[in-house]
1. With a cut-off of 18 Å, note down the residues of the range 109-144 whose backbone N falls inside the zone around a label point 7 Å from the Cα of residue 69 toward its beta carbon.
2. Output wanted: per-residue J couplings in Hz (rounded whole) for the range 105-122, from phi through Karplus 6.51 cos²θ - 1.76 cosθ + 1.60, θ = phi - 60°, x for Gly and Pro.
3. How much length would be gained if the chain were fully extended between residue 250 and residue 79, taking 0.36 nm per residue of separation minus their Cα-Cα distance, in nm to one decimal?
4. Per residue of the range 67-78, what does 6.51 cos²θ - 1.76 cosθ + 1.60 with θ = phi - 60° give for ³J(HN,Hα)? Whole Hz please, x for Gly and Pro, Karplus curve as stated.
5. Quick one: Karplus J couplings for the range 143-152, per residue in order, coefficients 6.51, -1.76, 1.60, θ = phi - 60°, nearest Hz, x for Gly and Pro?
6. Residues with amide H under 5 Å of residue 63's amide H, sequence separation 5 or more or different chain, H placed in the peptide plane at 1.01 Å from N; which?
7. Please identify every one of the GluC sites (Glu not before Pro) in the range 23-92 that sits in a loop by DSSP and has no more than 14 other beta carbons within 10 Å of its own beta carbon.
8. Using a 10 Å cut-off around each Cβ, can you sort 20, 45, 259 from fewest to most neighbouring Cβ atoms?
Amino acid sequence: MSTETQTAFRDALVAHGLLIPMGVDGLYGRSGVFEDVVERFDALITQWGKDDGAEVMRFPPALNRRHFEKSEYLNSFPQLAGTIHSFEGNERDHQTLLQKLHDGEDWTGMQRPTDVVLTPAACYPVYPTIAARGVLPERGRVVDVYSTCFRHEPSLDPARMQLFRMREYVRIGTPNQVMSFRRSWLERGKLLMESLGVPVAIDLANDPFFGRAGRMLAANQRDQGLKFELLIPITSAEKPTACLSFNYHQDHFGLLWDIRTADGELAHTACVGFGMERVALALFRHHGFDPADWPQAVRAVLWG
Ligand code: ATP
Ligand code: ZN
């Protein structure tokens with residue numbers, strides 16, 4: 001993928017005031033116009049999901065560190081995680097910190113890890129929450145979450161941010177309930193995005209598992225058809241960008257959190273995730289930088 005196309009698109013987004021650069025790759029402010037698109041798309045997701053009767057949960061963009069440790073995220077994606085550290089020293093330590101800062105030395109060693117870790121995917125706080133409620137009801141559960149997520153993957157590509165928003169529907173239940181949820185969202189997600197007049201393709205995918213063992217996990221994930229992505233060309237026609245993902249975790253989270261179905265079996269889980277910034281960027285890429293000039297049919301879907 002050419003970094004020139006990526007930086008050219010990023011520069012154009014900045015020039016049109018849609019993204020506000022903050023001096024770090026992958027960290028941006030957004031304009032009112034950009035946010036309006038994200039809010040309308042958010043409402044559109046709600047509309048397409050309303051028949052599922054999902055329970056809404058909104059969490060801050062952070063996890064309980066104990067929950068994060070138990071999630072095994074560090075086994076698979078240590079390179080993406082972000083933890084929150086803070087100063088807990090005395091006045092003498094404070095002087096040392098200021099001296100280091102003044103001398104241009106590394107001052108961050110004066111901080112200690114807190115109990116808080118940045119959320120890597122919106123669905124992470126759902127599993128311990130549901131587990132704490134005990135056995136699942138017969139119909140299982142559907143949860144609607146929306147969170148800012150952090151992944152340490154600085155990039156010139158404006159579609160690869162370090163802090164971005166992910167809306168998700170999470171299904172927890174029997175293998176049948178979970179598989180039919182994912183099947184239904186693969187269909188719905190495609191129709192939803194086609195209604196926005198952007199070119200879409202659905203493809204098998206894998207997560208960026210870390211290291212040599214990770215390559216095996218990724219191959220396994222593909223062989224078993226556990227992850228699909230809805231791709232839209234944004235900064236490259238040859239390598240379109242994943243804007244929605246459809247993940248089947250089998251009993252991974254059920255086992256970790258001991259979530260049981262009404263029959264006492266381990267729960268299976270799946271989620272559909274919408275990358276809010278990526279969808280907005282795809283719309284700006286295909287319809288232009290000013291939503292007032294977008295095709296009437298697309299405007300009608302979003303602003304009705
Ligand atoms: P990629 O393969 O591009 O790294 P992903 O498939 O690993 O993305 P998921 O973990 O499935 O991403 O996350 C769910 C959704 O969140 C993705 O479909 C995408 O739309 C969005 N997303 C993931 N990473 C980023 C990022 N760095 N910046 C913006 N959006 C992202
Ligand atoms: Zn998820």
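Laboratory data are not the source of any read-out in this text; all were calculated from the coordinates shown. Treat the numbers as computed from the prediction; the structure is a model and nothing was measured. FYI the Cβ positions are ideal-geometry reconstructions off the backbone, even for glycines, and counts take in every protein chain you see.
1. Once the point is set 7 Å along Cα→Cβ of residue 69, 112-120, 125, 128-129 turn out to lie under 18 Å by backbone N, inside the range 109-144.
2. So the J values, rounded to whole Hz, are 8, 6, 9, 6, x, 7, 9, 10, x, 8, 7, 10, 10, 5, 6, x, 8, 4.
3. 59.2 nm
4. Using θ = phi - 60°, the values come out as 5, 4, 4, 6, 5, 6, 4, 5, 5, 9, 9, x Hz.
5. Per-residue couplings from phi come out as 10, 10, 10, 8, 8, 6, 10, 10, 9, 7 Hz.
6. When sequence neighbours closer than 5 places are left aside, the close amide H contacts are 117, 118, 119.
7. 72, 88
8. 20, 45, 259
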